[in-house]
Amino acid sequence: TDADLVQMAVNQLRNGVDAVSSQAGIALKLLKLQMGLDLEKEITLTDALPDLLARTDVAAALARAFKIEDSIDWKLLTSQERMSVQALKNEKARNLPTVSAFFTYQQNAFRDTFNFLSSGQRWFPLEILGIQVSIPVFRSGAQTARVVQAELAADQARNAREQASQGVLLQAEQAKTNLVLARDKYRVMKDNLSLAERIYDATLAKYKEGLASSMELTQANDKVLQSQTSYIDALAGLLNAKAALDRVFTPIQHPAE
């Protein structure tokens, strides 16, 4: 019976290894795709997850202050609001009086011979200066409707910016919360892995002394493998949460900067 149980565990492990190998191949191709590389190109991963974690300062990331002015969404909506306000001013300006001026200067010969290029001939200058004032007395309903529509557009842009501001602040707070949760989960999974390894070492010692069966040793080893899987998942989740926080908190770099 113990042999059959061990064989079942071996079969499950082999199946798990095959599944993980396939997933690793797909993940590597996905990485190449995201990097813009050919899927058949050979690449070598030089960094391990613990090395990346060693360069990750979670405490400093959580201590960073968030500036909503650095958000690209907030900047875009602010620009849209500014353009809507300018469009409203433009529509209102159509109802204002307009003043235009013009100036004309010319010289006439008033001669019946073609001696315009001869020097010493008299020319008669003519200067005209004028000012034109246009006062809109009657306004059409279409112009009034355009002003009202522009006011509505400005109000909508203002409301959208205010709502986006709240959304961006909530996104920043959520990113911090996710990082805290990911850090706590990583710590728990790290402790669980240490406990699983201690249990396996104790079970191995008992097995060598004939105090534990091979099935108990196999089960203890399974716990170690499960704990390792949970630990790696928690570590990857911590790094992803840190990257998500960096994306929210990183200021926009303009070309001039």
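When you look at Arg198, is it modelled with pLDDT of 90 or more and surrounded by 13 or more Cβ atoms within 10 Å (Cβ to Cβ), yes or no? So Arg198 does not fit the description; no. Based on this model, can you work out whether Thr113 counts as open to solvent by 50 Å² or more (accessible area, probe 1.4 Å), among the hydroxyl-bearing types (Ser, Thr, Tyr) and out of contact with any Cys (no Cβ under 9 Å at 6 or more places or on another chain)? Answer is yes for this residue. Condition (residue is of a type in the set (Phe, Trp, Tyr) and part of a loop (DSSP other than H, G, I, E, B)) applied to the range 129-140: is it met by at least one residue? Yes.
Restricting the range 120-164 to residues that are of a type in the set (Ser, Thr, Tyr) and at pLDDT below 80 leaves a set whose member that is farthest from Ala244 (Cα to Cα) is Ser140. In the condition set (1) surrounded by 12 or more Cβ atoms within 10 Å (Cβ to Cβ); (2) out of contact with any helix residue (DSSP H, G or I) (no Cβ under 6 Å at 6 or more places or on another chain); (3) at pLDDT below 80, Ser71 is compliant with all but (2). Selection of the range 37-52 for residues being without any contact (Cβ under 8 Å) to a residue 12 or more places away in the chain, open to solvent by less than 90 Å² (accessible area, probe 1.4 Å) and not acidic (Asp, Glu) yields Leu37, Leu39, Ala48. Just one residue in the set Ala212, Ala182, Ala256, Ala241 is within 29 Å of Lys67 (Cβ to Cβ), aliphatic (A, V, I, L, M) and at pLDDT below 90; that residue is Ala256. Only a single criterion out of (1) surrounded by 12 or more Cβ atoms within 10 Å (Cβ to Cβ); (2) touching a helix residue (DSSP H, G or I) at 6+ places or on another chain (Cβ under 6 Å) is not satisfied by Asp2, namely (1). Of the listed requirements (1) free of Cβ contacts under 8 Å to residues at least 40 places away in the same chain; (2) crowded, with 16+ Cβ neighbours inside 10 Å, Glu173 misses just one: (2). Taking the condition of a type in the set (A, V, I, L, M, F, W, C), without any contact (Cβ under 8 Å) to a residue 24 or more places away in the chain and exposed (fewer than 10 other Cβ atoms within 10 Å of the Cβ), does Ala19 pass? For Ala19, the condition - of a type in the set (A, V, I, L, M, F, W, C), without any contact (Cβ under 8 Å) to a residue 24 or more places away in the chain and exposed (fewer than 10 other Cβ atoms within 10 Å of the Cβ) - is not met. Remark: pairs (first residue in the range 112-133, closer than 30 Å to Thr98 by Cα; second residue open to solvent by 100 Å² or more (accessible area, probe 1.4 Å); Cβ separation under 6 Å; 6+ apart in sequence or on different chains) = Glu127/Tyr105; Leu129/Phe103; Gly130/Phe102; Val133/Val99. Within the range 201-248, restricting attention to residues that are outside any helix (DSSP H, G or I) and within 24 Å of Gln12 (Cβ to Cβ), the residue that is most open to solvent (accessible area, probe 1.4 Å) is Ser213.
Check the range 97-104 and report whether any residue there is open to solvent by 90 Å² or more (accessible area, probe 1.4 Å), at pLDDT 90 or above, assigned to a strand (DSSP E or B) and hydroxyl-bearing (Ser, Thr, Tyr). No; the residues of the range 97-104 include none that is open to solvent by 90 Å² or more (accessible area, probe 1.4 Å), at pLDDT 90 or above, assigned to a strand (DSSP E or B) and hydroxyl-bearing (Ser, Thr, Tyr).
The set of residues in the range 177-204 being under 30 Å from the mean Cα position of the chain (by Cα) and of a type in the set (Lys, Arg) consists of Arg183, Lys185, Arg187. Of all residue pairs spaced 6 or more apart or on separate chains, those with beta-carbon atoms under 6 Å, a first member in the range 220-242 that is touching a residue at least 12 places away in the same chain (Cβ under 8 Å) and a second member that is among the hydrophobic types (A, V, I, L, M, F, W, C) and open to solvent by 70 Å² or more (accessible area, probe 1.4 Å) are Ala220/Ile199.
The values are calculated or read from the model by the stated rules, or taken from the named source; none is laboratory data. Since we're looking at a predicted model, the values are computed, not measured. We place every Cβ from the backbone using ideal geometry, glycine too, and count neighbours over all the protein chains shown. In case anyone asks, the SASA skips ligands and DNA or RNA and just uses the protein heavy atoms, side chains included. Shrake-Rupley method; radii C 1.70, N 1.55, O 1.52, S 1.80 Å.
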